[in-house]
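Asks: Encoded as structure tokens, here's the structure I'll be asking about.
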Amino acid sequence: MRFNRATALGLLVPALAFGVAACGDDDEGGGGGGGGNVAEGTTLTIYSSLPLQGTSRGQSEAVINGEKLALDEVGGKVGKYTIKYVSLDDSTAQNPGTADEGKTAQNARQAVRDKSTIFYLGEFNSGGTKVSLPILNKAGIPQISPSNTYIGLTTDEPGSEPGEPDKYYPTGKRTYARVVPRDKIQGAALVSVMKEDGCQTATLWNDKSVYGAGLARNIKQSAEQNDLTIENEQGTDKNSPNYRAIASKVKSDCFVWAGVTGENGVQVYKDVAAANKTVKLYGPDGVTEEAFSNPKEGGIPASVGARTKTTVATLGAKDLPGSEPILEKYKQEYNTQTVDPYAIYGYETMALALDALKRAGDKANDREAVTEALLSTKDRQSVLGTYSIDANGDTTLTDYGLYVIKNGQPTYSKKIEAAVS
């Protein structure tokens, strides 16, 4: 779901300025997602919606840079159509670092009102997609996320909530896909790492968000299947000044928190580490970012970081052999020697969208035909490896990356081949 300025491929992406969507009304418009839903003109617009404020800004900029690079490689055209790219900010000054519900809805409606819209790339946060997806689905606009992992967006497997995923598809037709594995796989990856590290018992907390609570359910399910005893389950309140009282009860071999940095994650880990000097610490992609790992950025102390491992649906360059040429182009284009791993996922998000347009052929301006092409993706050879998109919109990729903290930076360690039943 999130990851920020890591050193998996070597990091730091130059800061760029991106335009923010103008305010609009609440009319969703749309063509019902069915036949005749054709984008107007020979210029087709692809919208990107990501948080460009707060702790997620650096990572979002990396995604955007990757998307732009993929578009530049085809000269901004697919067949007879010119592709226009518009970057929107789904965060606000009052709610930075994540998708603000009101702003996210505004972005989706802007895309719906634009009769040239053919794709929407986003959101970064799964909670944001819960807002934008029904709006875009009603208008038949295909959507791809570079980072969503919440399971309920695509399936009703354990970890989802009642009514999911059907409530996100008011037309009854799927219009959404993602290029990262869902949280069922992340939960299994975390359990796999803990078992490998000798954990027999694990304290499991979550931040009570849609993402955190869902991931916690996935972790628990996988733990039950792999003889890892879950103890002391808790939901944490981000407004709590500290968690010393509940941390004092952490007696397990290991501790894992399903949450995001912005939900007071730094304080959670500081208090648990202080209360139990030997417990091994684990976290998901929600905390795999510099705002969590770097004490100079307000993150956890180095001593706590040395005890912490996290998982992310992004692999390092050594396990993404097809990414090397793209990384070199990225470095040249943006005059940097370091590349955030999510730049590769941004690149693939745009590349997949362009590939769907190409496969739609003469109907590249027909949203229904483009969506069909997207959800018919089979054995695509990409910078992420070879994958397909299943009927739910999920990638068939199942590998997660294991990250450790070095010099305040989340650093790629190895690929986790999680066993998912």
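Asks: Specify the residue that is farthest from the chain's Cα centre (by Cα); the eligible residues are those in the range 40-90 that are at pLDDT below 95 and small (Gly, Ala, Ser).
Replies: Once the filter is applied, the top-ranked residue is GLY41.
Asks: Given the residues GLU290, GLU333, GLU297, which is the only one that is under 30 Å from TYR387 (Cα atoms), assigned by TED's automatic domain parsing to the domain that holds VAL272 and not hydroxyl-bearing (Ser, Thr, Tyr)?
Replies: Of GLU290, GLU333, GLU297, the one residue that is under 30 Å from TYR387 (Cα atoms), assigned by TED's automatic domain parsing to the domain that holds VAL272 and not hydroxyl-bearing (Ser, Thr, Tyr) is GLU290.
Asks: For the range 277-294, what are the residues that are of a type outside the set (Ser, Thr, Tyr) and buried (at least 20 other Cβ atoms within 10 Å of the Cβ)? Write out each step before concluding.
Replies: Of the range 277-294, the ones of a type outside the set (Ser, Thr, Tyr) are 277, 279-281, 283-287, 289-292, 294.
VAL279, LEU281, GLY283, PRO284, ASP285, GLY286, VAL287, GLU289, GLU290, ALA291, PHE292, ASN294, listed by residue number.
Asks: Then there is this: Pick out the one residue from LYS331, LYS318, LYS358, LYS415 that is within 24 Å of ALA202 (Cβ to Cβ) and not in a loop (DSSP other than H, G, I, E, B).
Replies: After applying the criteria, what remains is LYS415.
Asks: Then there's this: Which strands (runs of 3 or more DSSP E) sit wholly inside the range 73-192 and have at least 1 residues that are of a type in the set (Gly, Ala, Ser), crowded, with 20+ Cβ neighbours inside 10 Å and in the same structural domain as GLN53 (by TED's automatic domain parsing)? Walk me through how you get there before you give the answer.
Replies: Numbers: elements: 81-89, 117-121, 143-145, 176-178.
By residue number, 81-89, 143-145, 176-178.
Asks: I'd like to know if the range 353-374 contains one or more residues that are crowded, with 17+ Cβ neighbours inside 10 Å, over 21 Å from GLY58 (Cα atoms) and of a type in the set (Ser, Thr, Tyr).
Replies: Yes: the range 353-374 contains one or more residues that are crowded, with 17+ Cβ neighbours inside 10 Å, over 21 Å from GLY58 (Cα atoms) and of a type in the set (Ser, Thr, Tyr).
Asks: Report, by residue number, each residue of the range 218-259 that is in a helix (DSSP H, G or I), free of Cβ contacts under 8 Å to residues at least 60 places away in the same chain, surrounded by fewer than 15 Cβ atoms within 10 Å (Cβ to Cβ) and under 28 Å from the mean Cα position of the chain (by Cα).
Replies: Scanning the range 218-259 gives a single hit, GLU224.
Asks: Identify the single condition in (1) in contact (Cβ under 8 Å) with a residue 12 or more places away in the chain; (2) out of contact with any strand residue (DSSP E or B) (no Cβ under 7 Å at 6 or more places or on another chain); (3) of a type in the set (D, E, K, R) that GLU328 does not satisfy, given that it satisfies every other one.
Replies: With respect to (1) in contact (Cβ under 8 Å) with a residue 12 or more places away in the chain; (2) out of contact with any strand residue (DSSP E or B) (no Cβ under 7 Å at 6 or more places or on another chain); (3) of a type in the set (D, E, K, R), GLU328 is out only on (1).
Asks: Pairs please, first residue from the range 158-173 and of a type in the set (Lys, Arg), second anywhere and assigned to a loop (DSSP other than H, G, I, E, B), Cβ atoms under 6 Å, 6+ apart in sequence or on different chains.
Replies: Cβ pairs passing all conditions: LYS173/GLY33.
Asks: Are any of the residues in the range 286-301 free of Cβ contacts under 8 Å to residues at least 40 places away in the same chain and among the basic types (Lys, Arg)?
Replies: Within the range 286-301 (the criterion being free of Cβ contacts under 8 Å to residues at least 40 places away in the same chain and among the basic types (Lys, Arg)), the answer is no, since none of the residues qualifies.
Asks: Looking at the range 265-287, is at least one residue of a type outside the set (Gly, Ala, Ser), farther than 26 Å from ARG182 by Cβ and in contact with a strand residue (DSSP E or B) (Cβ under 7 Å, 6 or more places away or on another chain)?
Replies: yes
The values are calculated or read from the model by the stated rules, or taken from the named source; none is laboratory data. The structure displayed is predicted, hence computed values, not measured ones. Glycine gets a Cβ as well: all are built from the backbone with ideal geometry, and neighbour counts include every protein chain shown.
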